[in-house]
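Report on the following structure.
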Amino acid sequence: MPFTDPAPPDDAPTEVDVVVIGAGQAGLSSAYFVRRFGLGFVVLDAEPGPGGAWRHRSPTLTMEKIHDIFDLPGVHRTPEIDPTLLAADVVPGYFADYERQTGLPVLRPVKVRSVTRHESGRLLVTAEPASADTAPRAWAARAVINATGTWTRPHWPYYPGAAEFRGRQLHYADYRGPGEFAGAKVVIVGGGASATHVLSEVADVAETTIWVTRSPLVFHDGAYGEDRRRAAVARVDERVRAGLPPQSVVSATGLAYTKVIRDAIDKGVFNRLPMFSRITPDGVTWDDGRTAEADVIIWATGFRSAIGHLAPLKLRGPGGGIKMDGTRVVAEPRLHLVGYGPSASTVGANRAGRTAAQQIHRLLAAPDAA
């Protein structure tokens, strides 16, 4: 049963120690540790049910095609999972079971509209009205953990001529399997796991596939152990500490020879080309004069952090990013970003949730805390 909390009198904001925004892995992990420290909190989730971004994954993405799911804290490890099951079913089911076992107070669907500084000295978290007949809900929090991820902000890089292309363009966020591309000439853009997933599947039905990436591919061999994970997180952490826009953890880890990639190799389609320079009405072209016809361009070009609701806090610095100290925002110590920069993947989310909760506990225990 969904958690509900009573509305305060006269539409005043609900006072709470911590608001956690988002109930994906980062949000649930953070909430678990916030409760361990004895703080009052609520989790606000924009989705209608558990699962976060996994609810929207392609219906052809099976468990054998994804990276490991890192167990959420405080429960027994997940059982062995049939690799042929759909990730969009398995992972939301796992999250739903976790919410039931832990009893975390998740309110949904609640879409946060803004986070501002309140006259009380707290952070005011305002959500969009549930309907045209209701007022916005608001929480006055002593601290906020933002764990809104990236899925709602697909990144579409600009290339000249894109507006004149007569075919279809779509982002990986809207990819629903290869069937609709039967007999088409398809260009796939991107150098990560999403691009290789699309390439491996679409190659079975398309007339032609062309795969382009901006940078050469980097592979790692063997198991991706704890030392490598920590090193990858550290490289991303360096950027956010300097106030630069974060790069994905995947860009720091490189690609592994997964089943998806081995399938593409076996099919003879794992042939990367450099990025084209321009999109034409009928395809793409390179600076060296090469051209290729295309009916479809699939942009598997990643995502950006969904933090538009934090804009009123004016956090971005001269480097274009938000200067961080671990999960803590330097310009606003009451705000922690989990699932941003070094914790924007399963590699670092659980550890980051624990760190954020611990630091908030220390902050709120100070004698002068609001």
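Phi-derived couplings, Karplus 6.51 cos²θ - 1.76 cosθ + 1.60 at θ = phi - 60°, listed residue by residue for region 30-37: 4, 4, 4, 6, 4, 5, 4, 8 Hz, with x used for Gly and Pro.
For the cross-link pairs K111/K259; K111/K185; K185/K267; K111/K314; K111/K323; K65/K267, the ones whose C-alpha atoms lie over 28 Å apart are K111/K259; K111/K185. Between the amide H of T150 and those of A306, distances stay under 5 Å, these residues lying 5 or more places away or on another chain, with hydrogens modeled in the peptide plane. Computed from backbone phi, the HN-Hα couplings of region 182-187 come to 4, x, 9, 8, 10, 10 Hz, rounded to whole numbers (Karplus: 6.51 cos²θ - 1.76 cosθ + 1.60, θ = phi - 60°; Gly and Pro given as x). Per-residue packing, averaged as other Cβ atoms within 10 Å, sorts the ranges 267-280, 49-62 into the order 49-62, 267-280, beginning with the highest. Close amide-amide hydrogen proximity is noted between A294 and G283, V284, each under 5 Å apart and 5 or more residues distant or on a separate chain (H modeled in the peptide plane; Pro and chain starts excluded).
Read-outs: derived from the displayed coordinates by stated rules, not from any lab. Here the structure is a predicted model, which is why all the values come from computation and not from measurement. Positions of Cβ are backbone-derived with ideal geometry, glycine not excepted, and every protein chain shown enters the neighbour counts.
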